[in-house]
Each structure stands twice: as structure tokens, then as C-alpha cells.
Amino acid sequence: QSNVVGSTLLYPLNRLLPHTLSPSLPGPPSLPLLGNMLELTRDHLPNHLTSLARHYGNIYRLYCGNTTIVVLSSAEMIREALVKKWSDFAGRPHSYTGDIVSGGGRSISLGDYSEAWRTHRRLAHSALQRCSAQCLHAVIQKQALGLRQVLMDYNETPVDLSEDFTVAASNVITTLVFGKEYDKSSPELQRLHGCLNEIVSLWGSPWISALDSFPLLRKLPNPPFSRLLKEVARRDDIIRSHIQEYKELCQDEGTGGTITASLLQSLDQPLGEKERVALTETHVHMATVDLLIGGTETTAAWLGWTVAFLLHRPEVQCRVYSELCTVLDTRYPQYSDRLKLPCLSALINEVLRLRPVAPLAVPHRAIRDSSIAGYRIPKDTVIIPNLYGAHHDPAMWIDPYAFKPERFLDGGRASTRALLPFGGGARLCLGESIAKMELFLFTAYLLRDFQFLPSGNKETLPDLTGVASVVLKVKPFQVIVRPRPLT
Ligand code: HEM
């Protein structure tokens, strides 16, 4: 598993550029030629990088070819790099194959920091906000009710809910982006997900990342690489036809409340005083890819983790349910109810803490010489914000590996300041506000209407270790979903 992955948008670590070493930083011994490359191929990389932090400290270096990677595993250091010194560390590493999957570096998630990137991100951000203000709440509520019906139809038979969570999360994004939602069995949805997942997993394969470090290999036949090119072409066809279809629809109906409409309109606007860079349709195309990839597996994985943890501590489920009944009586929750529902908020925070679904964020690159925690960090050093490690830092969290939502309640002493599940600074997750509303509403709807029960005896409780690739997911498990009396 050579993909180091950051987020949904991942950046395999071994595709990086040369730069100077940083000799004073601690780190594991490195092998001739390979450096510490093998460390990056370990199973459950976030766990492994965290165990190295316990040995070498919350800031240490790894060598990968002629690249230095600095791993940060404390909230304070991650904040220093991403927030306080954001302008030093807002870059992304460049790579040959990264350019292929990101439309020549023109995606928001993998694009390097530049004036064009800033304009791109700003336009996507305002399109997202505009569209969210108009309809996000209603879109999520509709999907939550749809999910409720699907769960009712299971009639308490043991089921694996991961696909249902993916469809619900994906429909929120496709509605915002294209004004479209899909049925679980829709071939169009299967095609889109199949292709995006394949790209993420192929891009992480060693056969493909080797092309970044050893350019001569690009001349040899490489079937996985040929498949990657085919999948990227397929993805681009699907997105292009959506955008085209969307343009025609807008012409016919003269409407356009979606993100795509907003982005397309911004292409026709004259540049503002401060803007010197015009965006192209490729930018709209890649923003669409960013939102679809970024917004689907993350939210779905988080829902999977929530159910898994609740099966291990059913009393937490009872507490949240009784809070929902007391505060809301029989009505469904609104996002504005969140401050009145501290147990639910504590549950959400604790799952984000224990299983940040983008455990290593997306690698950053120092765009100039700088420093972190007093160590000199030369330009082009790659920074891995180990969010998983920071969320398990024993200096910050009492009993860091235990699932205890109560740590965030009165008297629990834990502070959300040390939580960084969405990263921070210039590269803060673009979908943070969407994700927060989704996590709240989906969870509140689910726990109001259903009780989640283990599908068998204690041995069948979900394994909580997880599978870490781009996104940190729970291993497949089955659950019985029992409707509550209110439903
Ligand atoms: C980036 C977390 C949901 C879109 C990121 C990053 C993290 C993250 C840690 C990397 C930040 C960095 O590089 O420092 C999460 C979590 C989610 C979630 C925990 C849900 C539980 C979403 C959603 C969307 C989205 C719903 C879209 C609607 C993006 C994009 C980026 C990103 C486009 C790249 C930002 C950039 O490079 O400037 N996310 N995310 N994410 N996320 Fe999310």
C-alpha cells in the first residue's frame, strides 16, 4: 500500500521533488538509495507514522529519494505550519502522475499554490457557499429521509450500510453540483463511482508512483498506467457530458442554482481589479472532480465509523436518543438545533477525533524556506500533517485511544481546539461547512429514528482498526437497524 494519501484527494508520498536535507531533525535511520521509502509502504500508515512519532517526537523527517518529508503529529505544530505560517506551507508537491490525474495541476486539491489556484479556489468556495445557502439544508434533509426509507425497508435484517451511506453522501454533492441525484442501482452512479475509485486506487499503486521517481520507466510498457490513463479519460468523458448536458438544460430553462452553473457563469464575467488570471472550462471540470471525490467517501466513511463505535458503546446511543427526544420532542432536527444537542455534538467530535477520515490530510509543500517548532524547513520540503497522530497525542488527550464522547461534555475537559479533522489555513477542507451540516443532520435523523444493534454476538462487533488508504474506513461489518417507536 504505497499510497500515502492524504485525503480523498490524496497525494502519494513517493512522488516528490528534490530539495535540501534538514539534518537537525530526528528520524529513523535511512537506507542507501531507498531512504525511508519502506516506512511509507506500511499497512495502516497513519498508525505507523504515529508510532514513529512516539519514538522520534511530534516532528521528524523521512527521506524518500532526494525528497525530505517532515511529519507533524501534534495539533500545535500542525497549526503553526498550516495556519500561522500558511503562506510558507500552502504548496502541493508536483509530480508527473499527479499532473495526469489533476488536469495538468488544475484541480483545487492537487494544484500548487499560485495566483490561478487562488482564484480557482475562491470562485469554487463562493459558488459552494451561494448554493449551500440556497438549498443545502433541504438537500441533506431529503437524502436523510431517503436513507431512512432504505433502512426501514431492510426490516431488521443484518446489513452492511456502507453503500447506502455512499449513495446518500454522493447525492448531496451531485445535487449541489449538477442538480441531479441517483438511485443506488443507477448505472450512471455505478460508472461514476467505479471510475473515481479506480483512479484513486491505481494512482496509489507502486507501479504508477515509480514513474514519478524513475522517469526512464515511462518509456516501458506499464499496464496499470495504461489503465489509469483510460480511467482518467473515462472520468473526463463523464464529467464533460454532465457539464454539456447541464449547459443545455440552463439554456432551455434559463435556470442555474447549482455550483456548476455558478462556476460556468464566472467564466464569462470580466476579471475583477485584483484578478489577472482567467479560468477555463478545465478549471470548472476539475472543481467538479474535486467536489465529487472530496465530498463522497469522506462523509460516508465517517457515518460508517459512527455506527461502528456506537455498537461498541450502546449506552452512548441511548444518551443521544434521549437527548433528541427531550429537546425536539417528535420533530426532526434543524442544523440550528445543534447547540441544544451537546451529546450529539460530542459524539460527532469524538468520531472525528478518533477516526479523522482524511488521516494524513493532503501533503503540503514549503514554498519558501521557513521553520516549524524551531527547526529549519527548507523550500520544497514536503509536510505531512498527521491528523491521526495529533488526535491521539497523549499530551493533549486523556486515554487517547478510548471512544469517550463525554470528554467533550461539561467536566470532560477536552477542547475542540486540538481537533483538526479538516486541516486548516489556506488549504482548509473546501467542503468543511457542507460536511459539518451533513454529519449533524444525517446522524440526528438516523439516531432519532433507529436503534443500531450488533448483528450477532460480541465477536461480530465491528473491528475498529480500520483500513487506511486515501480515506480511513472501517472494515465491512453488518448491523441490525431497528426502527424506534416514533418512526
Ligand atoms: C481537503 C477533510 C468532506 C472537499 C481536505 C483536507 C482534509 C479534509 C483533512 C486536507 C486539508 C489540507 O490539505 O491541509 C475532510 C473531512 C470531511 C471532508 C474530515 C468529512 C467528514 C469534504 C466535502 C467536500 C470536500 C463534503 C466537498 C464538498 C475538499 C477539497 C479539498 C479538501 C476540494 C482540497 C482543498 C485544497 O487543497 O485547497 N478535506 N473533508 N471535503 N476537501 Fe475535505
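Values as computed for the structure displayed
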{"item": "Net charge contributed by nearby residues that have their C-beta within less than 13 Å of I173 (K/R +1, D/E -1)", "result": "-3"}
{"item": "Surrounding net charge for K404, when Lys and Arg each add one and Asp and Glu each subtract one, Cβ distance under 13 Å", "result": "+1"}
{"item": "Those residues of the stretch 208-222 whose amide nitrogen sits under 12 Å from the label point placed on H94, 7 Å along Cα→Cβ", "result": "none"}
{"item": "Peptides ranked, highest mean first, by Cβ atoms within 10 Å: ranges 292-302, 219-229", "result": "292-302, 219-229"}
{"item": "Per-residue Cβ neighbour rank within 10 angstrom, fewest leading, M77, M396, M286, M152", "result": "M152, M396, M77, M286"}
{"item": "30 Å Cα-Cα threshold exceeded, pairs from K247/K473; K184/K404; K404/K436; K404/K458; K142/K247", "result": "K247/K473; K184/K404"}
{"item": "Relative packing of 400-409, 458-467, which averages over residues the other C-beta atoms within 10 Å, highest first", "result": "400-409, 458-467"}
{"item": "J(HN,Hα) series, the stretch 472-477, from Karplus relation 6.51 cos²θ - 1.76 cosθ + 1.60, nearest Hz, glycine and proline x", "result": "8, 10, 7, 5, x, 8"}
{"item": "Rel. contact order, % - alpha carbon contacts under 8 angstrom, at least six apart, the chain", "result": "28 percent"}
{"item": "Rounded to 5, percent antiparallel among DSSP beta bridges of the chain", "result": "85 percent"}
{"item": "In order through the stretch 298-304: 3J(HN,Hα) via Karplus (6.51 cos²θ - 1.76 cosθ + 1.60), integer Hz, x for Gly, Pro", "result": "4, 5, 4, 5, 4, 4, x"}
{"item": "Qualifying lysines (Cα of each under 26 Å from Cα of K219; at least 8 residues distant if same chain)", "result": "K230"}
{"item": "Peptide ranges 106-117, 33-44 listed from the most packed, as the mean C-beta count within 10 angstrom indicates", "result": "106-117, 33-44"}
{"item": "Value of [θ]222 nm, deg cm²/dmol, for the chain, DSSP H segments ≥ 4, -39500 (n - 2.57) each, nearest 500", "result": "-15500 deg cm²/dmol"}
{"item": "Fully extended contour minus Cα-Cα distance, from K379 to S24, at 0.36 nm per residue", "result": "126.2 nm"}
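Read the figures in this text as sums done on the coordinates, not as results from a lab. Everything quoted here is computed from the prediction, not taken from an experiment. Cβ sites come from the backbone with ideal geometry, for glycine too, and all protein chains shown count toward neighbours.
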